[in-house]
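The values are calculated or read from the model by the stated rules, or taken from the named source; none is laboratory data. All values derive from a computational prediction rather than experimental measurement. Cβ placement follows ideal geometry from the backbone for every residue including glycine, while neighbour counts extend to all protein chains displayed. With ligands, DNA and RNA removed, areas are computed over all heavy atoms of the protein, side chains included. Shrake-Rupley method; radii C 1.70, N 1.55, O 1.52, S 1.80 Å.
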Amino acid sequence: MTAKILDGKVMSAELKAEIARKTEELKKRGVTPGLAVILVGNDPASEIYVRNKGNGCEETGMLSRTIRMDGDTTQEALEAEIDRLNADSAIHGILVQLPLPKHLDEQAALARILPEKDVDGFHLINAGRLMTGNPGVTACTPKGALYMIKSTGVDLTGKEAVVIGRSNIVGKPMAMLLLQENCTVTICHSRTQNLAEHTRRADILVAAVGKAGFVTADMVKDGAIVIDVGINRVDGKVRGDVDFDAVKEKASWITPVPGGVGRMTIAMLLANTLEAAERTLSRD
Ligand code: NDP
């Protein structure tokens, strides 16, 4: 079997067109969705991510604001900036670009963002809402990955889902989302024994490890849906966590890297910002 490709470029373009249409409607009602990104220091990868987020806002007609702070910014100054944005009614989404310089407390900074403006979905309140099945803001990468899985049209109820990775930003929220879809979910990590025995059971396999080509064909069940979250730079090229060429001969659906989940992450960030702006209208 050769897998069908879950094309993040096509899917994210469709989503962005839909977001642009809804943004236009919201503007007619007097609200322009606004996203503020705080960038501390000048990490080159972060610069690229921040620029892509700004471009996404421009494409969809949203207001975008980038707040650049020096690499030696204090925690106090960072939190004062977050407070200002929390109080700014033109801003519906606030994102602190991670990683922050080592002297800053990431958790404290994320906790400072109002949960309703936390469009990354990293605030403990939003993580807790996801855990307890209450409506909240869902982290963009797992939300985008689930969107891709659902686009296959496969009924997820009762399916075996295996997530490799247990980070707070990808692995754990991904597992929660799959659980909500009534999958039987296994979370694997670096201490998991006999990893391949778990992954070979998976109807849906999500790799969020951070190791290029980590998932090989012998770890994959025939006909599985394989979602590759990994972004690894190897010899100047971006590669996923999955050995794409070999695994695509076994899977039924697969996401490429680049052009897969990464594209969906930004689309979901815009979707979360739009939803945050829409909520301000329903509160009035
Ligand atoms: P983390 O480093 O926080 O987590 C990696 C996870 O992989 C950990 O839970 C770790 O286990 C597990 N792991 C590491 N080695 C092994 C192993 N040998 N066997 C099984 N599990 C292992 O990474 P993130 O979750 O932040 O990101 C994962 C990947 O996804 C990265 O490549 C990252 O760049 C990418 N990413 C992509 C995004 C996108 O938009 N597409 C967005 C965010 C991330 P343990 O907990 O035991 O250490």
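Return yes or no: is ILE227 open to solvent by less than 40 Å² (accessible area, probe 1.4 Å), of a type outside the set (Asp, Glu) and more than 11 Å from the ligand (Cβ to nearest atom)? So ILE227 does not fit the description; no. The C-beta contact set for the range 87-111 (first residue within 13 Å of THR73 (Cβ to Cβ) and open to solvent by 10 Å² or more (accessible area, probe 1.4 Å), second residue aromatic (Phe, Trp, Tyr) and part of a helix (DSSP H, G or I), distance under 9 angstrom, 6+ apart or interchain) comprises GLN97/TYR49. When GLY210 is tested against (1) more than 10 Å from the ligand (Cβ to nearest atom); (2) on the phi > 0 side of the Ramachandran plot, exactly one condition is not met: (1).
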